[in-house]
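Have a look at the structure below, then the notes.
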Amino acid sequence: MNVQIEDSWKKHLAPEFEADYFSRLTNFVRDEYAQYTVYPPGKLIFNAFNSCPFDKVKVVIIGQDPYHEPGQAHGLCFSVNDGVPFPPSLQNIFKEIASDLGTPAPKSGNLTRWTEQGVLLMNATLTVRAHQAGSHQNKGWETFTDAAIRHLAEEREHLVFILWGSYAQKKGAMIDRNKHLILSSAHPSPLSAYRGFFGNGHFSKTNKYLLEHGIEPINW
């Protein structure tokens, strides 16, 4: 797997690419793509990073692993390609945006429009075998994405980290709350959305914080 990742991320994450765990991870991922259907397409594994350079990040949303059904995953957490029906979690995200900000649901579930404004949409695990949720967990991706969070938390300031569900909240435990805004709630999945995701106001709270620090807000 030839790592094609945006230059500023390549610079910050260079030690990871040289680490033993990453070599093992690369071999595992290469074998998986050779033997099985794996999502997202290989060229989009690092799409979250490639579409949102390190110095442009304003907001970080952490997902768990990619969608595992055909045509959905394209390397951005919660996002689907144009023309693909909205998965339930994404439907709930759009419902909360409509409730929080009073804006209508968008026609497309492709969230590239967010990444272009500085929203890093990063899954903890960057690949998955078709139809098998969690199949690429605990192979090394989590170490790599922890490093990405750590670099952002230590080297940037006034970022907003949006942590939905206990998995993302554990992932964000290292973040200094004196330097950044941490927004936590239940996950938007249908199983938990009514237990604290709906009504969390995360989108308006994000923009309020950004404006308070002289940063352009996100057009959600």
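A few comments on the model shown:
- Some residue of the range 60-69 being over 17 Å from the mean Cα position of the chain (by Cα) and among the aliphatic types (A, V, I, L, M): no
- Selection from the range 152-170 of residues that are touching a Leu at 6+ places or on another chain (Cβ under 7 Å) and open to solvent by 10 Å² or more (accessible area, probe 1.4 Å): GLN169
- Filter result for ILE5 (buried (at least 22 other Cβ atoms within 10 Å of the Cβ) and among the hydrophobic types (A, V, I, L, M, F, W, C)): no
- The single condition among (1) part of a helix (DSSP H, G or I); (2) free of Cβ contacts under 8 Å to residues at least 60 places away in the same chain; (3) touching a Phe, Trp or Tyr at 6+ places or on another chain (Cβ under 9 Å) that ILE175 does not satisfy is (1).
- Residue match in the range 93-112 (condition: touching a strand residue (DSSP E or B) at 6+ places or on another chain (Cβ under 7 Å) and open to solvent by less than 20 Å² (accessible area, probe 1.4 Å)): yes
- Cβ-Cβ under 9 Å pairs, at least 6 apart or on other chains, the range 13-33 side modelled with pLDDT of 95 or more, far side of a type in the set (Ser, Thr, Tyr) and not in a helix (DSSP H, G or I): VAL29/THR127; GLU32/THR127; GLU32/SER135; TYR33/THR127
- Taking the criterion of being open to solvent by less than 30 Å² (accessible area, probe 1.4 Å) and within 17 Å of ALA168 (Cβ to Cβ), the residues of the range 130-141 that qualify are GLY134, TRP141.
- Residue within the range 124-145 that is under 28 Å from LEU211 (Cβ atoms) and either at pLDDT 95 or above or over 13 Å from the mean Cα position of the chain (by Cα) (or both) present: no
The rows are residues; the columns are (1) part of a loop (DSSP other than H, G, I, E, B); (2) modelled with pLDDT of 95 or more.
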site	(1), (2)
ILE162	no, yes
ILE182	no, yes
LEU191	yes, no
PHE198	yes, yes
THR206	no, yes
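- Any hit, the range 127-136, residues being free of Cβ contacts under 8 Å to residues at least 24 places away in the same chain and either part of a helix (DSSP H, G or I) or not β-branched (Val, Ile, Thr) (or both): no
- Criterion violated by THR37 - all others in (1) touching a helix residue (DSSP H, G or I) at 6+ places or on another chain (Cβ under 8 Å); (2) of a type in the set (S, T, N, Q); (3) more than 24 Å from ARG150 (Cα to Cα) satisfied: (1)
The values are calculated or read from the model by the stated rules, or taken from the named source; none is laboratory data. Every value quoted in this text rests on a predicted model; they were computed, and no experiment measured them. Neighbour counts are summed over all protein chains in view; Cβ atoms, including those assigned to glycine, are modelled from backbone coordinates with ideal geometry. For the accessible areas, the whole protein counts, side chains as well, though only heavy atoms, and no ligand, DNA or RNA atoms are used. Shrake-Rupley method; radii C 1.70, N 1.55, O 1.52, S 1.80 Å.
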